[in-house]
Structure formats: C-alpha cells, structure tokens
1. Could you check how many percent of all C-alpha pairs in the protein assembly as shown are farther apart than 40 Å?
2. Picking from B:Val33, A:Val176, A:His18, whose Cα lies most toward the positive end of the charge dipole for the protein assembly as shown (charges on Cβ: Lys, Arg +1; Asp, Glu -1)?
3. Please name whichever of B:Leu368, A:Ala66, B:Leu296 sits farthest to the positive end of the charge dipole of the protein assembly as shown, dipole taken about the Cα centre and charges placed at Cβ: Lys and Arg +1, Asp and Glu -1.
4. Could you work out the local net charge near B:Gly200, counting Lys and Arg as +1, Asp and Glu as -1, over the other residues with Cβ closer than 12 Å to its Cβ?
5. Treat every Asp and Glu Cβ in chain B as -1 and every Lys and Arg Cβ as +1, leave all other atoms uncharged, and give the resulting dipole magnitude about the Cα centre to the nearest 20 debye.
6. Please give me the summed charge of the neighbours of B:Ile378: other residues whose Cβ is under 14 Å from its Cβ, Lys and Arg +1, Asp and Glu -1.
7. How about the range B:45-87: which of its residues lose at least 30 Å² of accessible area in the presence of all protein chains relative to their chain isolated, using a 1.4 Å probe?
8. Quick one: length gained pulling B:Ile195 to B:Arg278 fully straight, 0.36 nm per residue minus the C-alpha distance?
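The values are calculated or read from the model by the stated rules, or taken from the named source; none is laboratory data. Treat the numbers as computed from the prediction; the structure is a model and nothing was measured. Glycine also receives a Cβ, built like all others from the backbone with ideal geometry; neighbour counts cover every protein chain displayed. What goes into the accessible areas is simple: the full protein's heavy atoms, side chains included, and nothing from ligands, DNA or RNA. Shrake-Rupley method; radii C 1.70, N 1.55, O 1.52, S 1.80 Å.
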Amino acid sequence: MTDRVPVLNMDEILNCMHCGFCLPTCPTYEQTGLETQSPRGRIALMKAVAEQKLPVDDEFASNMYACLGCRACETACPAGVKYGQLLEDARELVEDVKRGDRRRSFRRDLALKRLFMHPGRMRLAGNLLWAVQASGLQRLANRTGMVRILPKEMAEMQRAVDPVASPGQRKGRQAVIPARRSQPRVPRVGVFTGCVMDVLFHQTNEATARILAHAGCEVVFLEGTACCGALHAHAGEKASAIDLAKQNIEAFEEAGVDFMVNNAGGCGAALKEYAVWLNDHPRWSERAKRFVDATRDVSELLAELPDFEFTKRLDLRVTYQDSCHLAHGQGVRTQPRDLLRRIPGVTYVELPRADSCCGSAGIYNITNFEMSMDILDTKMNHVRGTMADVVVTSNPGCLLQMKQGIIRAGLEGKMRAMHIVDVIAMAL
Amino acid sequence: MEKVLGLTVTDEGVDDCMVDTNSSIRSRLCAIVGEDSVRDSANERHAYSYDATPIVTGAPDWIVFPQTTRQVSEVLRLANEERIPVIPRGSGTNLAGGTVAVAAGIVLNMTRFNRIVEIDESNLTVTVGPGVITADLHRAVEARGLFYPPDPGSMRISTIGGNVAQGAGGMRGLKYGVTKDYVLGLEYVLPTGEILRCGGKNYKDVAGYDLTRLLVGSEGTLAVITELTLKLLPLPESKRTMVVYCKRMVDAARIVERTIAAKIIPATMEFLDQSTMRVVDQFAHLGLPTDVAAMLLIEQDGVEQQVDRDIDRIAQIARKVGATDVQVANTPEDGARLMAARRSALAALSRLRPTTILEDATVPRSELATMVSEIERIAEKYQVQICTFGHAGDGNLHPTCMTDERDAEELERVDAAFAEIFEVALRLGGTITGEHGVGMAKAKFLPKRVGEDGIQLMMRLKQAFDPNGILNPGKIFVRVPDWQHVAE
Ligand SMILES: Cc1cc2nc3c(=O)[nH]c(=O)nc-3n(C[C@H](O)[C@H](O)[C@H](O)COP(=O)(O)OP(=O)(O)OC[C@H]3O[C@@H](n4cnc5c(N)ncnc54)[C@H](O)[C@@H]3O)c2cc1C
Ligand code: SF4
Ligand code: SF4
C-alpha cells in the first residue's frame, strides 16, 4: 500500500478547510445525514488514508463509491477544492489495491472494460440490446449486475429505455451534413457520438447534427472516436481512460474541425478534463489542450452561434433538470435554459434544486441502487411540483433516470422526459 | 473510567474485559436509539473526529443520532452512570474545537432535531429543534415577512443549536445584536438525565436566575439543548450597500466612529485590510484597488427613505474624512457584487497555504485602528503571514494566519504571535474571542480574560450542572476540574 499512497494529491486535500459549506448541497448527505457520506467527510477519509491512519479496505472503498461524483460540492466550495479530481484519484487507489488483492468485482469489470473500451463491442452490445428489446432487458441485466435490482424497479428501468435504433439505421448515416444557413465563415463541427449516446439515443445524435446544420455549421460525425473515458476515470480505471483520451484526440485531429460538440454532460466534462489527465504526458499535453479548447456542449455552442429561427410552436410547459457534469463540471447553466425559453409557445418553469443530482450518476444507479432511488424520489417530489409537460435533460444517464422517475412517481401519461436536443429538433 | 478512556484514545492494547464493556454499552445505546442510529465503524469514527477547526482532532467511540428528547435523556443517563464523555454536535462548523472528542466517548449528533415547530406571528416567536439549519430558519420566517437577524458566515450549514451553544455572531451584530439577544426559551437535558425548560415566549421574565442566558454560549458543557424559542422582528422592507476605500486604516476606523456619533447605526460595517484585499482580488478578480489600506463595506436596511438618507450621510462623512473612493450600489445585484469581496475573504485566504487559522480577537470599536496596526507589527515580529478582516462596526476582528500544519517550527511562531495578539486585545480592553467561543482553542487564554476567581466560579457552575464532568470534557477549562478526580 505504501508505494501507492502518493497518487492522492495531498496539496489539494489540504485546500479543504473542513468548513462544511459543501454539506447542504450534497445529495448523499441530504439522504443520510452522515459525515462519511458528505464531501467534507470523504476528503477527510482520503486524508487519513494518505497519512496511513486508515487502510484502503472495503469500508473506504464503499464510501468512495457511495459518492455520486455529481460535483455539486465543487460549486458550493468557497475554497475551490477540486473534489472531482480527488475522487478519481481515490478510486484509482482503491482499484490499485484491489488489483493487488485479486478481488476485483466482475460486475464492473464487464460493464466497463469489455464494453466501453471497445467501440466494436459496444456496437455489438448495442445490436444485442436491440435484439433483446423484444424479450425485455432481463438477460442483459443479469449479466451487467443489474440483478440486484428488484423485479418492480427492473420493470421500471426497462420501460424507461426507448426502443433502441436498429443496427441498419445506425450504419446508414450520412457522413457530412452541409450547413443549412449561410454565414460569413461556416464553422466545421464534429459531433462526438459517445458510446452510450450512440447506441441508446441514436436519434438524438442525428438531431444534434441537424440542429447544428440549421444553425449554420458544416457537420461531420467524428470517425474513430471511442468512449470518452468518464466511466473509467470515475471507476478508478485511469489508465484505460487515458488510452481512450489519446484515441479521441487523434480522431479529432484527423477530422480537422473547429469545434467538437457533444450532447452528454457527463462525456463533455470528461473530454474537457483531457488536459488534466494528460498533463504529465509530454507528447500529448499540448494536443490535449487544443482538444479541450475545441470541445463544447451542444447548448454551449448554440449559444455562441448567431441565433437561429424556430419554425414550429410547442405549446408545452417545460422544466429543466441540470446534468451535474454540465452544470457543476462545465459551468453550463444558463445556455440550455435560454434555448428552451426561446422556443415559441414554451412556458418555462424553473425546477427547485434543479442542479441537485437525480441519482443516475454514470453507473451509480446500478452499483448503489437503493441510494439512487432514494435520491430520485426526493428529486421527483420537486419535479411533480413544477406541473411540467416535459422535463428536459442534457445527458443520457439523467434522461433514463428521469424517465424511470416519472414511472415511479406515477406521472406516466402526464409528463415526459426528453433530451434538450430532441425538444429543439421538434421546433425546427 | 480511565480505562475506557485509555482504550479509546490510543486504539491499541484493547484488553478483553474492555471490549466486553464497550460492546455492552453499544448494545445499550442501540436499545435506546435503534441499531441504525449508533455508528462506530473505523471510517465513521474518523469522520466525526474533527470540526471546522484546523489541526485538532479526536475520534469518538460512538456517534449517536437521537430523535427525541427522551432518547437524549436516556443516553445521558447511561453515559453518566458509566462516566462516558458526551459531545453534543450540530453541523461541526465551529472554529474552537468544540466538537472534537478529546477524551473519546459519544458524539451526540443533534441534526435530526430539524423541525420548525411553530412560527407564532402574534407573539413574534419561532420554536425550533436545535438541528434546524440557520439559513432554513431564515427562509421559513422571511416567507412570512419576519426576520431572524443573526447571520453567522456559516449560516447555510450551521445549526441553531450550534449557534446558541456557541453564542454565534454575524455581520448584522452592530445594529441587531447577536444570537444571545434572540433566545427567549429553551428545553434542555442535564447530564444526569433530567429534562428541564427555562424562559418561554415572554419578553419579560425575571423569575429566578436567567438560566437561558447562562446556557447560551455554554459550548455543550452544561446541558444538551433539545428545543429553542427565538425572538423575531418584522423583515426590513429595503436594504442598500456601499463600499468605501481608504488610504489609511485610521481613516476607516474614523468613518465608523463618526457614523455612529452621527446617530446612524448601519446594519453592517465590515472591513478588509490591504493584504486581504490583494488576496481576494487575485482569487475573485473583482478589480479592487490595491493601493489603498482598507475597504469598508456598509449596509443599511429599514424603511426606504430612511435607508437612502442614512447611506447619503455616511457617504458624506466618508468623503469628509478623506476616503479615496465611495461607491453606492444602485441595485440589490450591485450590492451583492460589492459584498462578494467580504464573502470570499476567507476562501481566498485559505487557498494561499495548506492551513488557515481564523481568530476573532475583539476590541472596543475605538481601538480598531490600533489593533490592526498591532497585528501587523506582531506578524512582522514573528515572521508569519496574517491578514485581517472583520466586523468594523463592533470591533470584532478576524486576524487570519496562513500556515502549514506540517511545519512544527512555523506553528510555534504562529502560536506565539496569536498569544501576543490576544494579550494586546486584552490590554486595549477587548476580549480573546468575540463569537467563535473558547472550546479547546482558547482555553489557555481564558484565565487571562476572566481571572482566576472567574475560572473558579465557572467551574463551580459546571459542577452544579454536570457533577461527573461527562459533558464535552476538555473544553473551556484547561485544568480538569477537581471534582473529576474525586469522582474517580
Ligand atoms: C467559514 C466559517 C465562517 C464562520 N462564520 C462565523 C460567523 O460569522 N460568526 C460566528 O459566530 N461563527 C462563525 N463560524 C463558526 C461556527 O459556524 C459557529 O460557531 C456555529 O454556531 C456552529 O454551529 P454548528 O451547528 O456547526 O455547531 P457545532 O460546531 O456542531 O457545535 C458547536 C458547539 O455547540 C455545541 N452544541 C451543538 N449543538 C448543541 C446542542 N443541541 N446542545 C448543546 N450544545 C450543542 C457543541 O458541543 C459545540 O461545543 C464560522 C465557521 C466557518 C467554518
Ligand atoms: S460529488 Fe456529489 S455526492 Fe459526491 S460528495 Fe460531492 S456533492 Fe456529494
Ligand atoms: S466546502 Fe470545500 S473547503 Fe469546505 S469542507 Fe467542503 S470541500 Fe472542504
């Protein structure tokens, strides 16, 4: 253990003055009232491990994984502690120690390494998923560890997943979409398709391209991209995450685009971390910086472009649930809201505590199922109060979670969850 | 008792008989509050070993989460019988080491007492559990046009119980007073288990000793508070903010004095010294001038015309005294932008070095400028980095030292510097702590402030409430009170 301790960044840990200002914004602290489930507590535990006062054991591991990684604490922290990075380091340490112990959990191993690492396999899994849709998610669920989930929740989750695009549909997509509006200088934009997004929300990626073209961009789907690496980094698999980052940087460089757009808050935050991940990789750090400079969330880029026209009216009451990694991770808060407000006919209502996590948090809703559902139920109490027709999100995980939340809250038929891009596309 | 303490403090050489005692205590605690409400894993004990105070730590054996007054009483009875220390705890944001379990024992977490029981609009009172978060109370009463003025900087997370037990202050102290001025009645449990009430909804009440006032600021050493009745005011209808820059600290102090001499009491008068301003500006990029010695942030609230008139007059006074610049905010957003400098002061300072020690030496308002220059002299003398900001209106300063807890030699100089700062504060007729409390952090300076006889009297009071010394031991008094040896 001793030789691995240095991966924890003691200087950053010491930036935490244990003032506790982050506590009221932390969803797991809100649910449990326990210091061990708070940002301040988790940082204190990391410090104790770094000082070898506590061992890296099951309890420490479960406390590190009980965190949503939503980074609401970063927004609240007056001292600017980079909690997200501390958490990634701590989880990497846990995984290192576990590897030494040969006690790795098969569940996460399958989900992450075998699937997300290889776009080919992901596509295969996507095809598989599509194939098993008819018979339900049961089999896939059994394999990915969703077995811990109770039958009722299982059914809710299954209903929450939209029919997945068929393999044929996904292959037959146009490579370059020309700009639909002339601008002095037409920006060339690459759409980062991301693995989960492209399998589960194929149409949303298509819609992203269409909107950008409508807004005056020349759009390409980036070839050769892999998973962004977010799930790996959050799960302590930093080395894999870095391999993926390099692959994506190469793909970006080959495409020769001005911007690289993504529509998943979680992926976007990871893509923007590449410069930090590759900081001490001499041949990569500059390239990573250029990559980060070109990376935008779709709402973020649309806000930078000249306003485009909507052609249809949507007479809907709409609310917005922040994606944690878009709001806390990337600081993109006003852009999606402003876009929604601009749609003719839309009545926008603000969701109380919109920037508090919905409990989806990557694969958290699989690994920490009960807590995830408790957090979701608290969230749905606020959502219900908005009386919205549509609750809009900016991230696939949140979207699935909100869909499940609507079912759990008995709001099916009264309320829908949609990705912001799909809402905008409806009004074009 | 010694053995129980020895066992838990060192964590080593646990002998079987002690394990037995400990596990039987654990099961008795579980029988009172339920299995889920007793926590004692290694991580949990560590996570309750600190509060917002730098450096000091001490892990408890158990963390207990009671939900009713009866449970509090039963836990205390058990602890008293077994001579186990009990440390009441709110959100753990105090800066005096008040919730550190120096002698292990039970951390009694009061956060589940988080109900606002009643807002009484005809008597202008609110009754709450001690676990209610200060800012939640603000929101609840302000929604009814009412006002609970105490606003410690930590209000978004501090609990009312912690505010009262610590005698918390805040930025509105000058005009509205501090927490102690708003406590009307309490329900509390003695360490021996008795459940008592003092005070109530009456503004006037002289029946016997004022135990309510005694328990305010008692730092969890006399009783556990389980319910509080607080005084409310009508919410002021408007508020305006202004900022004043001064070439010399004495000018800032003079503006404060002349304002008050002109019979204007602003809600808030905060100041930042030059070194704090520089750090804040680097951190928050507010575009503060760096060639001035101090800035004053002034806020007035009340009826609109009155507020406008007061702000105008303060601006006149400031210009006359020789302020280099006076800016009045025209909108609430502008006001918030101006206040941002003060609000980000501690955060900005805390980023400079690994460890930040925030003190709260306080002097009579008229000694403000002298005190600030004395602090500068002392920092220079001991070669430590101290920036000062704070509440100019009431002389409550926050000399803040940036250091590194890993450097023992530097910490010694820091200690010496603060000892001298407190000495100077006392010489100027001030006090060692204005709002953070004594706790562990300032116990050794307390005799200088209250005298040996004062300590003796306080110890006798302590004994009357807590004959076995189980409540929050190691706080306020350096010496273990004599009767504790007798009890053993
Ligand atoms: C960034 C920052 C800014 C701050 N600003 C201010 C400020 O402006 N003004 C100010 O005065 N303080 C300030 N503080 C200090 C601190 O927030 C206050 O002392 C606050 O009142 C503590 O509340 P708490 O709920 O965290 O109590 P804790 O820290 O949990 O406890 C404080 C003390 O109260 C006792 N206690 C708690 N609950 C009970 C109970 N129910 N019965 C009996 N005893 C109890 C504890 O034993 C302990 O001694 C600040 C702290 C920080 C970190
Ligand atoms: S990332 Fe989210 S869940 Fe984790 S400590 Fe921060 S606020 Fe809490
Ligand atoms: S708000 Fe920041 S400094 Fe304060 S306890 Fe949380 S992480 Fe630490």
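1. 46 percent
2. Selected residue: A:Val176.
3. Projecting each Cα onto the dipole axis, the largest value belongs to A:Ala66.
4. 0
5. On the way: 53 positive and 66 negative charges, 270 e Å.
Computed charge dipole of chain B: roughly 1300 debye.
6. -4
7. Going by heavy-atom accessible area, the residues of the range B:45-87 that drop by at least 30 Å² are B:His46, B:Ala47, B:Tyr48, B:Tyr50, B:Ala52.
8. Taking 0.36 nm per residue and subtracting the Cα distance, the gain is 24.7 nm.
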